[in-house]
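Each remark here refers to the structure printed beneath this line.
The values are calculated or read from the model by the stated rules, or taken from the named source; none is laboratory data. Nothing here was measured: the structure is a model prediction, and the numbers come from that model. Heads up, the Cβs are rebuilt from the backbone with ideal geometry, glycines too, and the neighbour counts pull from every protein chain shown.
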Amino acid sequence: MNNLSDSHGILYGHIRSAMWKLALPSIASGLLMSANSIADKLFMGRLGVDALAIVTVVHEIRLALMTILVAFSVGAAAIIGRAIGAGDKAEAAQALRQTVLVSGVVGSIIGGLVALFAPLILHIIGYRGEASSFDEGVVYLRWSMLAVPSLFTLIIGNTVFGVLGESRRALQVISVAVVLNILFDYILIFGKWGFPEMGVSGGGGALCISQTIATILFLLFLPRTPLSGALHGMWLPETSMLQRILHIGLPASARQAVVALSGLAIQALLLRTQSGSAAGAAHGIGVLVESLAFLPGNAFASTAGTFVSQNLGAGNSQRAKDAAAISVGQAVLTMTVGGVLFGLMAGGIAHLMLPASAPEAVDLATRYLQLMAFIQPAVAVNLVLAGVLASAGDTRTPRTVTVVTTGFRVLLAYGLSTFTGLGVMGVWLGVASTPVISMALLVAAYRRGSWTSTKV
């Protein structure tokens, strides 16, 4: 064996059973993060619809900033996975150090700039809460930007644990982060145990505390993986490795940027409808609940990426193909079941998550969930195949597909909401229209098979 460690059955043995062993902790991690988001929404729901709307807007801003991180994390994951499969610990460690170093510095700079211009950014997006709510939103956004450096490091750590097959360690780190965030949300938002009542901004403070502690745990756990000692090398920028990382990662970053910007565009369209904050709050709840159905797809995409990158590094392209095909099948099955469940329970979920004083938001969230239940199989294929191609080093194909289909989605959402009188439902019909198109394009690219020979 030329690999550093195959205790997880990535390079040898039965693929399906090994895949489930890695996917289940990833699904559990996703459930915990969703539980954390649900707790955030429940706490904010007690503060009103404006609070829910601002949390949704800031979430989209954080996703937009993460496009910077994607340029490094996706590139590093492909290189680290290939290196681990080939038994080259030095190259894997070098890629990790460069990723943590540069993404941390760049993320801190960008986060600081967003915090500085927070009022302007909220105005541009179109947030229209009362003056007091707007001021709280500015403070919340600034707290969230303070947490960006730890967020970047934490996501890098989660990516590294995933590509190493260490999904259980990732679960441990995320568990601590979620428990602490929920605890400090309660304490700081409502002023418990002697702490001041901070309202919406207390959620940002809780985010900073929980992510910082979780980042420390990642650094403590790393020595227990095949990359033990990786942090002890040189921490100066290395041009050749950064070029390799960015060659792979920049197209993925562009893809994420398009997704994030389209999310902000959709949110802006909703806020400008007659329903305003009610539509924004309903969309935030709908996306949150829908993300629960995405968990298996994301988990199998990550697990497939681990199998693909390591097996391509070990020179076994057929095993990489087999793992990809199995991942697609499992993701479609589980996400279809999830879509059916949240579609059937849409009304009850909306009533649980939104205040009784906002019946319009409840009705809108219910309709959103029922609509999105139908597109889950296509979303499953998209998630896994995009992950497979990216893990193989082919990030350009998913980028191109996303740019084309997302541009179409935003234009269609605008047209349906503006020129047909459909309003909010026009926006959501535009959102639901494109997964089948992108699925067809990604399936065609996967079947060509050129991804198995991509150089990293």
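So here's what we get for this one:
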{"read-out": "Verdict on Thr452 being more than 16 Å from Ala390 (Cβ to Cβ), hydroxyl-bearing (Ser, Thr, Tyr) and either crowded, with 16+ Cβ neighbours inside 10 Å or in contact (Cβ under 8 Å) with a residue 60 or more places away in the chain (or both)", "value": "no"}
{"read-out": "Residue identified as at pLDDT below 85 and either surrounded by fewer than 21 Cβ atoms within 10 Å (Cβ to Cβ) or outside any loop (DSSP other than H, G, I, E, B) (or both) among Arg62, Arg82, Arg97, Arg16", "value": "Arg62"}
{"read-out": "Hey, Arg62 among the charged types (D, E, K, R) and farther than 30 Å from Phe190 by Cβ or not", "value": "no"}
{"read-out": "Set Ala390, Ala378, Ala373: member being buried (at least 22 other Cβ atoms within 10 Å of the Cβ), among the aliphatic types (A, V, I, L, M) and assigned to a helix (DSSP H, G or I)", "value": "Ala390"}
{"read-out": "Residue check, Ile187 over 25 Å from Ala90 (Cβ atoms), at pLDDT 85 or above and out of contact with any His (no Cβ under 8 Å at 6 or more places or on another chain)", "value": "yes"}
{"read-out": "Some residue of region 191-200 being surrounded by fewer than 24 Cβ atoms within 10 Å (Cβ to Cβ), of a type outside the set (Val, Ile, Thr) and assigned to a helix (DSSP H, G or I)", "value": "no"}
{"read-out": "From the options Ala299, Ala260, residue that is crowded, with 21+ Cβ neighbours inside 10 Å, among the small types (Gly, Ala, Ser) and out of contact with any Cys (no Cβ under 7 Å at 6 or more places or on another chain)", "value": "Ala299"}
{"read-out": "Candidate set from region 416-434 (those that are more than 28 Å from the chain's Cα centre (by Cα) and not in a loop (DSSP other than H, G, I, E, B)); member that is nearest to Gly263 (Cα to Cα)", "value": "Thr418"}
{"read-out": "Residue within region 52-75 that is of a type outside the set (Ser, Thr, Tyr) and closer than 19 Å to Glu166 by Cα present", "value": "yes"}
{"read-out": "Residues (among the hydrophobic types (A, V, I, L, M, F, W, C), under 25 Å from Gly112 (Cβ atoms), part of a helix (DSSP H, G or I) and under 18 Å from the mean Cα position of the chain (by Cα)) located in region 140-181", "value": "Met145, Val148, Leu151, Phe152, Leu154, Ile155, Ile156, Ala177"}
{"read-out": "Some residue of region 407-424 being among the aliphatic types (A, V, I, L, M), farther than 30 Å from Ala278 by Cβ, surrounded by fewer than 17 Cβ atoms within 10 Å (Cβ to Cβ) and without any contact (Cβ under 8 Å) to a residue 24 or more places away in the chain", "value": "no"}
